Amino acid sequence: MTTMTGTTATAAAVGTGHTRVEGRAKVTGAARYAGEIPFAELAHGWLVLSTIARGRIRSVESGPVMSMPGILAVLHHGNAPRVTTDYTGLLGRPDPTVAVFQHDRVPCAGWPVALVVAETSEQAREAAAALVVRYDDEPHDVAFSAGRPGTYTPESSPRLQAETRKGDVEAELAASAVVVDAEYTTPEEHHTSLEPHAAMAHWDGGRLEVVDSNQGSRWVAEDLAQLFSLDPASVRVRSEHVGGAFGSKGVRPHQVCAVMAATVLHRPVRVVLTRRQMFSLVGYRSPTAQRVRLGADADGRLRAVDHQAQNLTSTVHEFVERSAAYGRVMYDADAHHTVDRVVALDVPTPTWMRAPGEAPGSFALESALDELAEKCGMDPIALRERNEPDRGPVSGLPFSSRNLLACFREGARRFGWADRDPRPGLRREGRWLLGTGTAAATFPSGVAPSTAAVTAEADGTFTVRITAADVGTGARTALTLIAADALHVAPEHIRMRIADSDFGQAMVAGGSMGTRSWAWAITTAAGELRERLALGGGIPPEGITVRSDTTEAVGALAMRERHSFGAQFAEVAVDVSSGEVRVRRMLGIFAAGRIVNPLTARSQFIGGMTWGLSMALHEEAVRDQASGALVGADLAGYHFAANADVPLIEADWVDDTDNDDPIGIKGIGEIGIVGAAAAIANAVWHATGVRHRHLPIRPDRVLLAVGGTGGAG
Amino acid sequence: MAHSTAGVITLTVNGEKHTLPVDHRTTLLDALRERLDLTGTKKGCDLGQCGACTVLLDGRRAVSCLQLAVAAEGREITTIEGVSDGERLHPVQQAFLDLDGYQCGYCTPGQICSAIAVIEEHAAGWPSAATADVRPEAGPPPLTADEIRERMSGNLCRCGAYVSIVQAVAQAADAEGAA
């Protein structure tokens, strides 16, 4: 038959709201996540984690446990298959945390020491609890503080600079009429995706099949092949539905454990992390200690920007939370210095968590800007207008587009900013003090090489295959709309198949780069397919398939500062008798490229802003110095915003297009959180007259600050 | 062994009776997911803290991870798989779909089961911590956004879809009120 391409006029799908293509499956419970797919002969693995924070395993006394009902195996460093971490994967060197059971050393509390495998999960759980592990305990150090001994500046790579320097900061500060010099801290924060990490592994005719919950099935497949020294073609990883990820769902111990057990037992094995295990096995956001110094003329023009940030990492792997990178894009000054330092402690390795770097970095710098506005007697938005750079402050490169001020203008209009009295502590409503605050936001717009295959089927429909991941972002739906427009058909004619490593190399769902990277590959393949179909002729039963690879096109992109921008607004009410802070409303206006699906994009922005609220007021993992483990590592001990914590949040966007991108996408997964905590902290200052420089803004901190002057402790 | 650690029970789920042998330690949540293949009910924490495993027990919401399967015998269990009317979605399901009251979808079945009960609890005049006048003669309070937020706070959503969830519950309540 002939295809309808070019013959059927269809309205553009991109830009109009579409409910999720998998929405019905999600609201009916039909959508199956990784731990929910039945397999014959499935065995269940249960992890046992270290109870000490540093030392060596003296013995794993598996004998008594092996005689318990249904127990099939106890894997530990004495008997587990060997793996190698001597490779560089898609996202760099692997965190040795994934190389479970390879030695007797324990580098942190909650380190995997054994896997119990049984016929049922109840049997495995009981045996895991009964397993006696003896340790030689050594003194540990988990005390993170600003400038503590052992802090160092990590090595820079061409892409990721640890430190940037321009001009003479001290001289410019000395010459400044107004100076802000303040320290800010953010606590350890956890992703806590609602779906715990789960993987099922089995060998099928010489191929390793893994059903997983991850942000990139090709990434996980390639890393598993490396770890187990397998031919990459013999590993297949699928991840159809993912119950939240936020940076935590990469290569993690559960997949490695499942593969080890399936290999040893010659049967399918599923390993699901418990909620408590997630707190030490899947990464987290490092606490940060940040010092910001700003120097300005009396009219607010910045002479000096100095942002020195510090985070922690583990003793087995270096992860740097790049908080200070935020200012390299946002604000120029005659003298400019940014540095991210790190200290290695006896803790689990931190990792990327929604807006890594930008989330804590924006809290510090956007709070400091607000302090500078106060000292200059300027409106905070006017201060930002005065310091709007026309080029990258550090790179000197032009921006692909920078519509920050348009965001502030639109946001100020809708929020009612013009009527704001800037003086703090004046508005009272019963026991509540009221205030409003604002902050800017930015996040990089990146793209990475990806491949896609688009098939024109004999029945007139199209099938797209790409190793994309939909972790709740709406990517599956966005890509369907993009494919529909690229093929000039209605979205109903598109079959979008994702999250299967057999579909080839593609970017992971991360860095706000997924949808942009995948859309580019799909658009390229679809364009070529349309040309092929325009030549006429029939479509054979197997269809006509065109493959794309964007490596060359992405590599040819001109050097630019490519970022999304945004303006955050918040109104808070502070009860100074109880210390409670309530956010009454939030508004975020974003310049984040072309918006593919307004319905799901709004959810993404609002979700990010909800994270910002949660970061500002609630989230804090407390590490016990004596045990080296977290206090209350569960969803009661680690509170993130519940429904009653969240007011009406509105998000919208202004026109903003990156003309170098075939679709004009910039990526929207992370910018919603950026600046949101600062906007809330700035509103708390406006309400009370007290600066809160340490997150979260807990009731006790509000109470301690009452009657005090300056910053709260 | 001196005592039995397993037994045969009969569970009534979505109107259907299922007789199955269970380990006595099996939670209702695991029985639904692992034994009856009703995986729509989700395990988010297994500690009664997140609400992802919410089902209706005799019409009232309950977290199934804190119920032993053996204790659920004789009760009417309704899961997400049982709330629609055939192919026609329950108004709460339809509202979540239309208003994008979810992202990853993992907390969604629990949110929907909870919301169905919230609308009934409210209609029956049950007050909440957000209710200004809790006297019985005051009648059901208006189902404001604050009432919905308070009543839905046992169901955590990490994607941050609360704003749309509140709108979806309000829309579904309106639809049911009008029906």
Conditions: (1) farther than 23 Å from A:MET353 by Cβ; (2) touching a Lys or Arg at 6+ places or on another chain (Cβ under 9 Å). A:ASP470 meets all but one. Number of the miss?
-> (1)
Which strands (runs of 3 or more DSSP E) sit wholly inside the range A:188-297 and have at least 1 residues that are within 14 Å of another protein chain (Cβ to nearest Cβ) and surrounded by 24 or more Cβ atoms within 10 Å (Cβ to Cβ)?
-> A:198-204, A:207-212, A:269-272
Restricting attention to the range A:129-156, which residues are outside any loop (DSSP other than H, G, I, E, B) and out of contact with any helix residue (DSSP H, G or I) (no Cβ under 8 Å at 6 or more places or on another chain)?
-> A:ALA129, A:VAL133, A:ARG134, A:TYR135, A:ASP136, A:ASP137, A:TYR152
Where A:GLU183 falls short, out of the listed (1) in contact (Cβ under 8 Å) with a residue 60 or more places away in the chain; (2) in a loop (DSSP other than H, G, I, E, B); (3) away from chain B (no Cβ under 14 Å) = (2)
Which residues, taken from the range A:411-453, are over 25 Å from the mean Cα position of the chain (by Cα), of a type in the set (A, V, I, L, M, F, W, C) and either farther than 25 Å from A:MET330 by Cβ or surrounded by 15 or more Cβ atoms within 10 Å (Cβ to Cβ) (or both)?
-> A:ALA412, A:PHE415, A:TRP417, A:LEU426, A:TRP432, A:LEU433, A:LEU434, A:ALA453
Do you know which of the residues in the range A:131-168 that are within 22 Å of A:ASP332 (Cα to Cα) and of a type in the set (S, T, N, Q) is surrounded by the fewest Cβ atoms within 10 Å (Cβ to Cβ)?
-> A:SER156
Determine whether B:GLN94 is facing chain A (nearest Cβ under 10 Å), open to solvent by 10 Å² or more (accessible area, probe 1.4 Å), closer than 27 Å to B:GLY15 by Cβ and under 18 Å from the mean Cα position of the chain (by Cα).
-> yes
List, please: which pairs have Cβ atoms under 6 Å, are six or more places apart or on different chains, and start with a residue in the range A:292-307 that is within 16 Å of A:THR164 (Cα to Cα) and end with one that is open to solvent by less than 10 Å² (accessible area, probe 1.4 Å) and polar (S, T, N, Q)?
-> A:HIS307/A:THR338
Residue that is nearest to A:TYR135 (Cα to Cα), among those in the range A:615-644 that are open to solvent by 10 Å² or more (accessible area, probe 1.4 Å), among the hydrophobic types (A, V, I, L, M, F, W, C) and not in a loop (DSSP other than H, G, I, E, B) = A:LEU630
Name every residue in the range B:127-158 that is without any contact (Cβ under 8 Å) to a residue 60 or more places away in the chain, closer than 23 Å to B:ALA52 by Cβ and not aliphatic (A, V, I, L, M), in order of residue number.
-> B:SER128, B:GLU147, B:ARG149, B:GLU150, B:ARG151, B:SER153, B:CYS157, B:ARG158
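Which of the residues that make up the range A:55-69 are in contact (Cβ under 8 Å) with a residue 40 or more places away in the chain and open to solvent by less than 80 Å² (accessible area, probe 1.4 Å)?
Scanning the range A:55-69 gives A:GLY55, A:ILE57, A:SER59, A:VAL60, A:GLU61, A:SER62, A:VAL65, A:MET68.
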The residue from B:GLY48, B:GLY86 that alone is within 11 Å of another protein chain (Cβ to nearest Cβ), of a type in the set (Gly, Ala, Ser) and surrounded by fewer than 18 Cβ atoms within 10 Å (Cβ to Cβ) is B:GLY48
Go through the range A:230-248 and give me each residue that's within 16 Å of A:GLN505 (Cα to Cα) and in contact (Cβ under 8 Å) with a residue 40 or more places away in the chain.
-> A:VAL235, A:ARG236, A:VAL237, A:ARG238, A:SER239
The one condition A:ALA128 fails out of (1) within 14 Å of chain B (Cβ to nearest Cβ); (2) of a type in the set (A, V, I, L, M); (3) over 30 Å from A:VAL60 (Cβ atoms) is (3)
Could you say whether any residue in the range A:29-37 is modelled with pLDDT of 95 or more, more than 10 Å from chain B (Cβ to nearest Cβ) and over 19 Å from B:ASP100 (Cα atoms)?
-> yes
Filtering the range A:88-123 down to residues that are within 14 Å of chain B (Cβ to nearest Cβ) and open to solvent by 10 Å² or more (accessible area, probe 1.4 Å), which residue is nearest to A:VAL316 (Cα to Cα)?
-> A:SER121
Set B:ASP23, B:ASP37, B:ASP30: member being at the interface with another protein chain (Cβ under 9 Å from one of its Cβ atoms) and either of a type in the set (A, V, I, L, M) or on the phi > 0 side of the Ramachandran plot (or both) = B:ASP37
The range B:149-164 - residue that is part of a helix (DSSP H, G or I) and out of contact with any Leu (no Cβ under 6 Å at 6 or more places or on another chain) and, of those, farthest from A:MET615 (Cα to Cα) | B:ARG151
Looking only at the range A:477-489, which residues are open to solvent by 10 Å² or more (accessible area, probe 1.4 Å) and either over 14 Å from A:THR16 (Cα atoms) or in contact with a His (Cβ under 7 Å, 6 or more places away or on another chain) (or both)?
-> A:ALA486, A:HIS488
Within the range A:326-344, the residues that are outside any loop (DSSP other than H, G, I, E, B) and surrounded by 24 or more Cβ atoms within 10 Å (Cβ to Cβ) are A:TYR326, A:GLY327, A:MET330, A:THR338, A:ASP340
Give just the number: which of (1) in contact with a helix residue (DSSP H, G or I) (Cβ under 7 Å, 6 or more places away or on another chain); (2) more than 23 Å from A:GLN604 (Cα to Cα); (3) open to solvent by 70 Å² or more (accessible area, probe 1.4 Å) does B:GLN171 not satisfy?
-> (2)
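So which of A:PRO356, A:PRO360 ends up being touching a residue at least 60 places away in the same chain (Cβ under 8 Å), open to solvent by less than 10 Å² (accessible area, probe 1.4 Å) and touching a strand residue (DSSP E or B) at 6+ places or on another chain (Cβ under 9 Å)?
Going through A:PRO356, A:PRO360 in turn, just one is touching a residue at least 60 places away in the same chain (Cβ under 8 Å), open to solvent by less than 10 Å² (accessible area, probe 1.4 Å) and touching a strand residue (DSSP E or B) at 6+ places or on another chain (Cβ under 9 Å): A:PRO360.
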With the condition kept exactly as written, say whether any residue in the range B:128-141 is within 13 Å of the chain's Cα centre (by Cα), surrounded by fewer than 24 Cβ atoms within 10 Å (Cβ to Cβ) and either of a type in the set (Gly, Ala, Ser) or within 13 Å of another protein chain (Cβ to nearest Cβ) (or both).
-> no
Kindly state which strands (runs of 3 or more DSSP E) lie completely within the range B:33-98 and contain at least 3 residues that are over 26 Å from A:MET278 (Cβ atoms).
-> B:76-78
Pick out the one residue from B:SER164, B:SER153 that is among the hydroxyl-bearing types (Ser, Thr, Tyr), surrounded by fewer than 23 Cβ atoms within 10 Å (Cβ to Cβ) and at the interface with chain A (Cβ under 10 Å from one of its Cβ atoms).
-> B:SER153
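The values are calculated or read from the model by the stated rules, or taken from the named source; none is laboratory data. Bear in mind that the values here come from a model prediction, so they are computed numbers and not experimental data. Virtual Cβ from ideal backbone geometry, glycine too; neighbours counted across all protein chains shown. Areas reflect the complete protein model, heavy atoms only, side chains present, ligands, DNA and RNA absent. Shrake-Rupley method; radii C 1.70, N 1.55, O 1.52, S 1.80 Å.
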